[in-house]
């Protein structure tokens with residue numbers, strides 16, 4: 001096999017020049033600008049794609065989605081009810097029925113991360129039942145709402161195992177969307193896990209989102225999660241991602257990843273008062289249309305400590321404010 005060097009890129013030649021497969025977006029996303037406020041933190045590197053592999057995945061079409069991205073992500077709500085099998089809400093006052101009633105009253109079009117699926121083992125009956133109760137109640141008021149679950153795509157396992165677990169989860173809960181999660185400090189991912197996982201979801205008509213370091217964004221996803229690290233959003237970063245990816249961008253608050261707590265999460269849950277939380281959420285909500293993203297309103301979120309969700313319904317002023325912001329901006 002003959003190898004030819006051109007500039008900084010390596011092209012493989014075999015009687016004829018193989019077309020360039022490396023993505024031009026990668027240098028942009030590894031810049032300091034896109035690392036400043038994205039899904040991950042710190043410096044990360046992107047795994048080099050195999051020049052011989054064909055990138056087969058593309059975002060689902062509007063026909064396949066049976067709706068436009070604008071309508072699907074019109075009113076996004078974050079509600080983590082189970083995290084790796086654990087019910088996230090403290091006390092006895094909140095049950096899947098009470099939670100479902102609250103979420104239905106907000107008339108969401110997209111419920112993000114209802115379940116953080118376990119990395120190993122089967123999903124529990126409690127998770128299946130809770131997911132079903134929420135879905136039934138919300139669809140009674142918002143018939144086109146989509147229901148999203150979070151799955152760890154950054155752990156070290158084979159693509160075959162990953163896809164098989166997706167199939168097993170689909171049989172139990174039938175999600176409309178998967179968010180493929182990668183821990184913020186991750187430096188590399190398995191391209192095959194993402195490629196085959198996205199292909200499997202799309203074959204079922206399911207969307208795939210990506211929540212992780214922006215230097216590792218895979219081909220073919222349907223939306224990207226951005227974290228408001230330091231409680232700020234970088235407008236220039238939003239513009240670059242919109243120009244290159246051309247898919248919906250969803251802004252979420254920082255949260256606990258694994259057992260690691262971040263200062264922003266500790267501040268929001270344990271230090272801010274109602275006024276501070278309302279001010280923060282208002283600022284993010286106000287910029288949605290002009291900046292070109294959608295805010296995922298935190299109702300049962302973020303997580304702190306691990307596997308425990310902040311319950312916005314316990315703060316009446318905060319909940320009323322979120323309702324008002326959704327009515328005005330979404």
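Every number here is computed from the coordinates shown, using simple stated rules; none is lab data. Just so you know, these numbers come straight off a predicted model, no measurement behind them. Neighbour counts are summed over all protein chains in view; Cβ atoms, including those assigned to glycine, are modelled from backbone coordinates with ideal geometry.
Cα extents for the stretch 126-190 along the principal axes, largest to smallest and rounded to whole angstrom: 42, 23, 20.
Under the classification rounded if a/c is under 1.5, otherwise prolate if a/b is larger than b/c and oblate if not, where does the stretch 158-206 fall, given a ≥ b ≥ c as square roots of the Cα gyration tensor eigenvalues? Since a/c reaches 1.5 and a/b is larger than b/c, the shape of the stretch 158-206 is classed as prolate.
Listing 304, 297 from fewest to most neighbouring C-beta atoms within 10 Å gives 304, 297.
Of all the C-alpha pairs in the stretch 195-234, what % are more than 13 Å from each other? Let's see the in-between values first.
Details: 443 of 780 pairs.
For the stretch 195-234, the share of Cα pairs beyond 13 Å comes to 57 percent.
In the stretch 190-330, the convex hull through the Cα atoms has an average projected area of 9.4 nm², a quarter of its surface area. Both the radius of gyration and Dmax for the stretch 65-134 are 13.2, 39 Å, in that order, over alpha-carbon atoms. Pairwise Cα distances in the stretch 270-330 exceed 19 Å in 30 percent of cases.
From the C-alpha gyration tensor of the stretch 161-243, pull out the three semi-axes of the equivalent ellipsoid (sqrt of 5λ each), sorted largest to smallest, in whole Å. Each step should come with its number before you reach the end.
Details: eigenvalues 128, 37, 29 Å².
For the stretch 161-243, the ellipsoid semi-axes come out as 25, 14, 12 Å.
Once you reduce the stretch 153-192 and the stretch 298-330 to the center of their Cα atoms, the two points are 27 Å from each other. Fewest neighbouring Cβ atoms within 10 Å first, the residues 319, 214, 241 line up as 319, 241, 214.
Here the stretch 222-291 was treated as a single set of alpha-carbon atoms; its pair distances binned every 10 Å from 0 give 18, 47, 29, 6 percent. One equal scatterer on each Cα of the stretch 63-219, no solvent, Debye formula: the resulting log10 I(q)/I(0) at q = 0.13 Å⁻¹ is -0.60. Ranked for footprinting exposure by Cβ neighbours inside 10 Å, fewest first, 308, 120, 174, 202 give 120, 174, 308, 202.
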